[in-house]
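Structure record follows, encoded as structure tokens.
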Amino acid sequence: MSDDIRLAFAHPSERAAALDPARPLRDRISLRDHVVEVEIGAFQPERGTTQRVRFNVVVEVRPHPAPLDDDVDRVLSYDAITEAIEAELSAERLNLLETLAERIAERILIEPQAMRAYVRVEKLDRGPGALGVEIVRDRRPDAPRLVEPVDAEEDGLHHPLLVFLSNAAISDPALPRWLDRMEAGPHPVVLCVGPADMAAPQSVIAPAQRRIDLLAIEQNAWVLAGRDPRCVVRGSRTEIDWAMKHRQISVWAPSKIVLDAVDGPSASPRDALSLVLWFAGKLEASRIVVIDAERAAGAGAAEVTRVAPDAAESVL
């Protein structure tokens, strides 16, 4: 077996030692054969079930300029590797091992001592052998610091006003005026809707029905989008975060965020308001307003303001 082929299947630590031997000397820390049960994968049989995923990680670190003196604070902790894996697995459900490996490497390389990361991720239950990916990433010159100062004003922009619109509110002629008031307020705006009044198709298979019900909400989100050009449908957290930062209105399309959530909602999509309250918690919403004549007089969570359409302008 040639040396190149041998190294291709060697542990990342051996590859790290062989790669670019002329570069400046660096120390290495590693994590070997760390196995976690996780839900991941792009194929339908991989949804709703967990599989074993194995992690092998090597991190090249810049030696501390002073003697270590057996001081744990002067070295990169092994916990930085396991915590990076745990953080990315808990952030959201992913389809691709490539995405997971990339995010783990990025998180590790935020550490000030970390200079290069080798990350190998393998599925152990998808075939007769291990199926996986290995990446090598270098620290970027513009790598973010572990703790960034928080601008209070900017931080406030990330706690949106979340407004649930009933079907009557979607079609209300006052909608443009409501949007004017929302835009003029201190917080970014995320609009949420339930399904249209027409009945959705039915399936005896629960996962299929869940998708059907989520898509019914998304269809109604597009109905709202057609009412005013400021109502832009967004289906991912990245899109919504970008819109909040730029003070643009979002209409939540829930399928991706709900289906990819590691700690998904217990509420059925048929209970649209409960689904919205779950999402409000994820966004750390500053306020929740429900514009719905039927719900205005009903009981509900203390943090929710319920109002009929003809009174909506008074609370927005």
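The values are calculated or read from the model by the stated rules, or taken from the named source; none is laboratory data. All values reported here derive from a predicted model rather than from experimental measurement. A quick note on method: Cβ atoms are made from the backbone with ideal geometry, for glycine too, and the neighbour counts reach across all protein chains shown.
Summary of values
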| quantity | calculated |
| --- | --- |
| Scope segment 220-242; condition within 18 Å of GLY194 (Cβ to Cβ) and either among the hydrophobic types (A, V, I, L, M, F, W, C) or not assigned by TED's automatic domain parsing to the domain that holds HIS187 (or both); matching residues | ALA221, TRP222, VAL223, LEU224, ALA225, CYS231, VAL233 |
| Which listed residue, of GLU284, GLU303, is assigned by TED's automatic domain parsing to the domain that holds LEU165, in contact with a His (Cβ under 7 Å, 6 or more places away or on another chain) and over 25 Å from ALA199 (Cα atoms) | GLU284 |
| Those residues of segment 218-246 which are among the basic types (Lys, Arg) and out of contact with any Leu (no Cβ under 7 Å at 6 or more places or on another chain), in sequence order | ARG234, ARG237 |
| Residues of segment 203-262 satisfying the condition of being in a loop (DSSP other than H, G, I, E, B) and either in contact with a Phe, Trp or Tyr (Cβ under 8 Å, 6 or more places away or on another chain) or surrounded by 13 or more Cβ atoms within 10 Å (Cβ to Cβ) (or both) | SER203, ARG227, ASP228, ARG230, CYS231, GLY235, SER236, GLN248, ILE249, ALA253, PRO254, ALA261 |
| Residue that is in contact with a Ser or Thr (Cβ under 7 Å, 6 or more places away or on another chain) and surrounded by 15 or more Cβ atoms within 10 Å (Cβ to Cβ), where the choices are ALA285, ALA272, ALA267 | ALA267 |
| Filter result (within 15 Å of PRO12 (Cβ to Cβ) and modelled with pLDDT of 95 or more) within segment 121-132 | VAL121, GLU122 |
| Considering residues of segment 86-97 that are surrounded by 14 or more Cβ atoms within 10 Å (Cβ to Cβ) and of a type outside the set (S, T, N, Q) only, the residue farthest from ILE257 (Cα to Cα) | LEU97 |
| Tally, over segment 1-56, of residues that are outside any loop (DSSP other than H, G, I, E, B), modelled with pLDDT of 70 or more and of a type in the set (Val, Ile, Thr) | 5 |
| Filter result (in contact with a Gly (Cβ under 9 Å, 6 or more places away or on another chain) and in a loop (DSSP other than H, G, I, E, B)) within segment 83-100 | ARG93, LEU94, ASN95, LEU96 |
| Residue count, segment 101-134 (criterion: in a loop (DSSP other than H, G, I, E, B) and more than 16 Å from VAL61 (Cβ to Cβ)) | 7 |
